[in-house]
Amino acid sequence: MVMQKRANYSFGKELKVEFNNSKRIELINTMIIELPVLRARIGASQADISERIGVSRQTYNAIENSKKKMSWTVFLALFAVFSSDERTLKMLDSIDIFKEGVAKEL
């Protein structure tokens with residue numbers, strides 16, 4: 001199944017990105033690996049990030065430590081947090097999370 005998302009980012013472009021389930025899993029797994037570094041780069045605690053994305057600190061901790069699966073909704077919330085900060089936006093591109101799809105459109 002292919003899911004389509006339309007989103008408006010502060011860059012002023014409307015993006016149409018299609019991700020199948022295997023691509024979603026790949027993106028989620030890459031994000032999980034990089035979460036501690038992304039979080040540290042913006043100087044945020046687990047509690048700070050969990051509050052910004054709307055989950056408990058315990059849930060965020062379990063996701064960051066690969067003890068709980070990350071949902072697509074949480075992935076998108078984390079993308080919104082990290083892509084809105086100059087310190088992590090470039091890193092998202094450099095760690096290959098958005099080489100296919102979103103980064104090409106930005």
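List of remarks:
- Table column - 3J(HN,Hα) (Hz), the range 76-83, Karplus curve with 6.51, -1.76, 1.60, x for Gly and Pro: 5, 5, 5, 4, 4, 5, 6, 7
- The simple Förster model, with R0 at 22 Å and r as the Cβ-Cβ distance, assigns TRP72 and VAL37 a FRET efficiency of 0.55.
Where a number appears in this text, it was derived from the coordinates with a stated rule and is not lab data. All values derive from a computational prediction rather than experimental measurement. Using ideal geometry, Cβ is built from the backbone for each residue, glycine included, and neighbour counts are taken over all protein chains shown.
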